[in-house]
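Accompanying notes for the structure given below.
The values are calculated or read from the model by the stated rules, or taken from the named source; none is laboratory data. Since the structure is predicted, the reported quantities are computational estimates derived from the model, not experimental observations. Note that each Cβ is placed from the backbone with ideal geometry, even for glycine, and that neighbours are counted across all protein chains shown.
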Amino acid sequence: MAELGVREIVTAEQERALGNAYFEALCTEQAEYALGGALAKRFLPDVIPFGGLREDTVEALDALKALMEPGEKLFVMSRGALPQAGLVELASIEGRLMVLPESAPESEPVVGSPEIEELGPENFAEMIALKAVAFPGFFGPRAAMLGKFAGIRVDGALVAMVGERLAVPGMREISAVCTHPEHRGRGYAEMLIRHRIRAEARTGWRSFLGVDASNLKAQAIYRRLGFVPVHTVYWHHLQRPV
């Protein structure tokens, strides 16, 4: 089957918003977690270590630098290389933003899947501990405030989870997909993503996610679930010099 074109998946406005999703989220749906001004914004330090630029300019990077403490590190997303500025680029990762088309078939639960538990504030400590073991970084003490989360337990212990991170108008990012190393290979990630897709569809949100361009296994799973790539992006890990 031929893959859908971008305009068959998202509107021009949605494509624009996704192409600068961090800044867009901080200006709109998640403004309550934002610090910054017209050129650059960042999430509050205890939420997630991400910032956004209105445009990829030296002026915007200088504005972002002013929001960071000496030695602090943040991730920003762009559509290409960033100009040289007063921040040190520690790494740059090519990624894909993938969107679930409205025409995608309804996601069905996996037959025989274990019980999926909705997670709330009372589970934050467990969620942070799992994330630290399974996929360190990207998750501050209040990251779970950004959206809905769900998980799978084995013998009472939380061993896998999924959640939401960015929100732009009409769309939510599926994120924090992680499984404890001792429980991988059982399909928990796919079960949880299907669960999140169904939950977002019920509330009228479109689902999207980001994936490392080199992670072909994950991309194959997301394509099987119906996701289609919309943008090639770059995640830059930046540090303010001490």
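Odds and ends about this structure:
- Residue in the stretch 39-56 that is farther than 30 Å from Thr203 by Cβ, of a type in the set (A, V, I, L, M, F, W, C) and not assigned by TED's automatic domain parsing to the domain that holds Lys217 present: yes
- Annotation note: of Ala189, Ala150, the sole residue that is in contact with an Asp or Glu (Cβ under 8 Å, 6 or more places away or on another chain) and surrounded by fewer than 22 Cβ atoms within 10 Å (Cβ to Cβ) is Ala150.
- Note on the stretch 214-242: residues that are over 21 Å from Gly51 (Cα atoms), in contact (Cβ under 8 Å) with a residue 60 or more places away in the chain and in a loop (DSSP other than H, G, I, E, B) total 4.
- Of all residues in the stretch 192-213, exactly one satisfies the criterion of being outside any helix (DSSP H, G or I), of a type in the set (A, V, I, L, M) and surrounded by fewer than 17 Cβ atoms within 10 Å (Cβ to Cβ), namely Ala213.
- Within the stretch 24-50, being over 16 Å from Glu173 (Cβ atoms) and within 15 Å of the chain's Cα centre (by Cα) holds for one residue alone: Arg42.
Table: residues versus (1) closer than 21 Å to Met98 by Cβ; (2) part of a helix (DSSP H, G or I); (3) touching a strand residue (DSSP E or B) at 6+ places or on another chain (Cβ under 6 Å); (4) not hydrophobic (A, V, I, L, M, F, W, C).
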residue	(1), (2), (3), (4)
Ala129	no, yes, no, no
Ala132	no, yes, no, no
Pro136	no, no, no, yes
Ala144	no, yes, no, no
Ile152	no, no, yes, no
Ala160	yes, no, yes, no
Glu164	yes, no, yes, yes
Glu173	yes, no, yes, yes
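- Taking the criterion of being without any contact (Cβ under 8 Å) to a residue 60 or more places away in the chain and over 18 Å from the mean Cα position of the chain (by Cα), the residues of the stretch 178-187 that qualify are His180, Pro181, Glu182, His183, Arg184, Gly185, Arg186.
- Within the stretch 168-175, not a single residue is in the same structural domain as Gly226 (by TED's automatic domain parsing), touching a residue at least 24 places away in the same chain (Cβ under 8 Å), surrounded by 22 or more Cβ atoms within 10 Å (Cβ to Cβ) and over 24 Å from Phe23 (Cβ atoms).
- Flag if Gly185 is at positive phi and in contact with a helix residue (DSSP H, G or I) (Cβ under 9 Å, 6 or more places away or on another chain): no
Yes/no per residue for (1) assigned to a strand (DSSP E or B); (2) at pLDDT below 95; (3) buried (at least 21 other Cβ atoms within 10 Å of the Cβ):
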| site | (1), (2), (3) |
| --- | --- |
| Glu15 | no, yes, no |
| Leu26 | no, no, yes |
| Leu61 | no, no, yes |
| Ala85 | no, yes, no |
| Gly95 | yes, no, no |
| Glu102 | no, yes, no |
| Pro105 | no, yes, no |
| Val110 | no, yes, no |
